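A quick write-up on the structure given underneath.
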Amino acid sequence: MGNLTGMWNWFVNGELDQPFLTRAGYRPGSELDVAIGGYYSGWMIGGAKVAPLAQITNSYRLHDRGLAANPDNSGYERVLLSPGAEADMADYKLYAGVGFPVYQHVRGNQLVASTLFKITISRSF
């Protein structure tokens, strides 16, 4: 995270999901997600600090493995543009965002969402 200028800030986030257990001969594929974005931190509405943000996320998931897996029809790469907003109210934070795929490549025959919705509510204590 860092400051761009004034109230504009940037962030980079990465997450690796590495399954290590199998069940009935099935192991999900590993996934790597990397996001970069920016947000404006200068708005106050009532007692809440509100920060509109935008991010670009790249996700890469390997195919599933194991005897019960279908590797020819699993795994993907996608790039999402995601506008959203975060509200910070004392001990609580609320985040809501929408992800729109701008690039998507799936292996085989898979059902994929055309739009992704995300809502997160968290509490600090």
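Each reported figure results from applying straightforward, stated rules to the coordinates on display, with no laboratory input. Keep in mind that what you see is a predicted model, and the values were worked out from it rather than measured. Note that we place each Cβ from the backbone using ideal geometry, even for glycine, and neighbour counts take in every protein chain shown.
Numbers for the structure displayed
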read-out: Search result, residues across the stretch 64-100 that are over 16 Å from the mean Cα position of the chain (by Cα), in a strand (DSSP E or B) and among the hydroxyl-bearing types (Ser, Thr, Tyr); value: TYR92
read-out: Yes/no for TYR103 being aromatic (Phe, Trp, Tyr), farther than 22 Å from ARG23 by Cβ and loosely packed, with under 14 Cβ neighbours inside 10 Å; value: yes
read-out: Pairs, first more than 23 Å from PRO83 (Cβ to Cβ) in the stretch 103-120, second among the β-branched types (Val, Ile, Thr) and surrounded by 10 or more Cβ atoms within 10 Å (Cβ to Cβ), C-beta under 7 Å, six or more apart; value: VAL106/VAL112
